[in-house]
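Input: a single structure, listed below in structure tokens.
The values are calculated or read from the model by the stated rules, or taken from the named source; none is laboratory data. Every value quoted in this text rests on a predicted model; they were computed, and no experiment measured them. Cβ atoms come from the backbone with ideal geometry, glycine included; neighbour counts cover every protein chain shown. We work out accessible area using only protein heavy atoms, side chains counted, and drop any ligands, DNA or RNA first. Shrake-Rupley method; radii C 1.70, N 1.55, O 1.52, S 1.80 Å.
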Amino acid sequence: METPKTPTPIEHRIREGLSRLDSVLRSEDWVRARAAGLNPTQHAILEYLAGRAEGAAVRDIAFQLGVSQPTATESIAALERKSLVVKHASNVDKRAVDVCLTEAGGAALVTGDPVPGVLEQAAGALSDSDKEHLLMTLVTMIKRLQDVGAIPIQRMCVSCRHFRPYAHANAAKPHHCAFVNAAFGQRDVRIECRDHSTADPSLQAATWGVFHNG
């Protein structure tokens, strides 16, 4: 097993910076959750289920949120009592259940959505080139975390079977989405897409190689 490298000063400072941003996000999550009459974990579960018509297993929800399975189970039970989620037999494993968002659950998410938060406002003050650079850096870091198993596969363009990186000569819109059959640019690369369809590992690797190398 490879020995973990000791973080360099700049890596430590990056971690400190991300920690400060995380504290702002957590504060805003509390505000959004309270507006919907929920706690942050319950609200995060609804967000994760949004756009997943087939639902998700409890273990997958727990992994995605970074919480224990008992914690996820308790939060799901609370949401079920409020009729915000419903359970049904899994299509994959009939012994298991999947959790799905109800119409009331979707309405609760809308209720909890405030105007753009301070972090989005701060990002909005960046130049267009800085925004794109930051987005690409985030995509790269998330991809790295996926590769080491720290987080599950995210519904990003770079892991989707519909994504065709640098399929067009147009510098402003070099990429192509086969799902909607449209070209798009770097600033439109998604980290969370409801139409995402996970590509097989070999296609993901090939796609990432083309995208990352430009």
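With 0.36 nm allotted per residue and the present C-alpha distance subtracted, the residue 118-residue 212 stretch has 30.8 nm of extension available. Scanning the chain for trypsin sites (Lys or Arg not before Pro) lying in DSSP loops with no more than 10 further Cβ atoms inside 10 Å, the longest uninterrupted stretch between such sites is 96-193. As a calculated quantity, the FRET efficiency between residue 13 and residue 205 at R0 = 22 Å, using C-beta atoms, amounts to about 0.10. Please label the shape of the range 146-213 as rounded, prolate or oblate, based on the square roots a ≥ b ≥ c of the eigenvalues of the alpha-carbon gyration tensor (a/c under 1.5 means rounded; beyond that, a/b larger than b/c means prolate, else oblate). It comes out prolate by the Cα gyration axes.
Highest-first packing order for the peptide set 60-70, 117-127 is 60-70, 117-127, based on the mean count of other beta carbon atoms within 10 Å. Take residue 30: with every protein chain present and a 1.4 Å probe, its accessible area is about 120 Å². Once you have the Kirkwood Rh of the range 3-82 from its Cα pairs, apply Stokes-Einstein at 10 °C and 1.306 mPa s and quote D in µm²/s. For the chosen part, D equals 109 µm²/s. Checking every one of the GluC sites (Glu not before Pro) in the range 1-48 against DSSP loop status and a limit of 12 other Cβ atoms within 10 Å picks out 2.
The share of accessible area on the chain that comes from carbon and sulfur is 56 percent, using a 1.4 angstrom probe. Loop-located GluC sites (Glu not before Pro) across the range 49-109 with a Cβ neighbour count of 15 or fewer within 10 Å are 54, with loop assigned by DSSP. Residues in the range 185-197 carry Karplus couplings, in order, of x, 4, 5, 9, 5, 9, 9, 9, 10, 5, 9, 4, 10 Hz; the curve used is 6.51 cos²θ - 1.76 cosθ + 1.60 with θ = phi - 60°, and Gly or Pro positions show x. The HN-Hα couplings worked out from phi for the range 151-160 by the Karplus form 6.51 cos²θ - 1.76 cosθ + 1.60 (θ = phi - 60°) are 9, x, 4, 8, 7, 9, 4, 5, 10, 9 Hz, whole numbers, x standing for Gly and Pro. Amide H to amide H, with H built 1.01 Å from N, residue 160 comes under 5 Å of 199, counting only residues 5 or more places away or on other chains. Take the range 1-141 with all the other protein chains still there, run a 1.4 Å probe, and you get 65 Å² of accessible area per residue. With the simple model of a label 7 Å out from the Cα in the direction of the Cβ, residue 71 to residue 30 spans 1.6 nm.
If the segment from residue 183 to residue 150 were pulled out straight at 0.36 nm per residue, it would be longer than the present Cα-Cα gap by 8.7 nm.
Normalised by the number of residues in the range 61-110, the average gap of Cα pairs under 8 Å and 6 or more apart makes the relative contact order 26 percent.
Across the range 28-45, computed HN-Hα scalar couplings (Karplus, 6.51 cos²θ - 1.76 cosθ + 1.60, θ = phi - 60°) run 5, 4, 4, 5, 5, 5, 4, 4, 9, x, 10, 9, x, 5, 4, 5, 5, 5 Hz from first to last residue, x flagging Gly and Pro.
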